[in-house]
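Everything on this sheet refers to the single structure shown next.
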Amino acid sequence: MVYQPKPVTLYLIGDSTMSEKEVQAYPETGWGMPFKYYFDKGVVVENHARNGRSTRTFLDEGRWEPILSNLKKGDYVFIQFGHNDEVQSKEQSTTPEEFQANLAKYVTETRSRGGKPVLLTPIARRHFDEDGQLIDTHHQYSELVREVARKFEVSLIDMDQRSQKLLKALGPEKSVFLYLHLDVGQNPNYPDGVKDNTHFSELGARMMAELALKGIRDLNLELASHIPK
């Protein structure tokens, strides 16, 4: 009998920009949905991201404990929060100090089980000013993620910078196709239409997933060997 090593599990934890979506939300798509299809059989992607979660509420709801319990040596945890942490009017928000402490907890506890944490900055919102210049809406909390990555020497995929570069290249008009924009009557799930500059269309989710994949390759993570060329 030929020995078949267990596949590496790649856990995704984060918020609605990454999460699986209910059927009634279609065509809204989290980037974690197409992401899992880019790997060979040596990697199993488990998407535990959930809409509306922050670093704190993900912990408070007990969503982290089962992941930690199942982590085995060599597994990865991709950690992407910020959208809900940074909006101080939201119940699930965190202070900068709490945000960094929670990120550090995910990192250190992943490592305690022999896992490999990877931090990701939040993906840019599509906010252009009147002159067509992209507004950086994550500046503070993205930098907080970078600080934790430096302090704990954690691999970082800077999704904020990568997605901003993409949005700037596309500009205000073409970038609209990456986000959930629908006219009245265009889709039965959104009869009144929708203009959402945070959440992604199918195309946008796929392009964001491809940014994450490029980040894996740029970091030369072992995961890269499981992405067919």
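Quick rundown of the values:
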item: Residue that is closer than 24 Å to residue 105 by Cβ, modelled with pLDDT of 95 or more, of a type in the set (S, T, N, Q) and open to solvent by less than 10 Å² (accessible area, probe 1.4 Å), where the choices are 142, 155, 175, 163; result: 142
item: Residues located in region 36-75, provided they are in contact (Cβ under 8 Å) with a residue 40 or more places away in the chain, more than 27 Å from residue 142 (Cβ to Cβ) and of a type in the set (Lys, Arg); result: 72, 73
item: Selection count, region 193-220, where residues are more than 20 Å from residue 157 (Cα to Cα), free of Cβ contacts under 8 Å to residues at least 60 places away in the same chain and surrounded by 17 or more Cβ atoms within 10 Å (Cβ to Cβ); result: 1
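The values are calculated or read from the model by the stated rules, or taken from the named source; none is laboratory data. Because the structure is predicted, anything quoted here is derived from the model rather than measured. Counting neighbours? That spans all protein chains shown, and the Cβs are built from the backbone with ideal geometry, glycine included. These area figures cover heavy atoms from the full protein model, side chains too; ligands, DNA and RNA do not enter into them. Shrake-Rupley method; radii C 1.70, N 1.55, O 1.52, S 1.80 Å.
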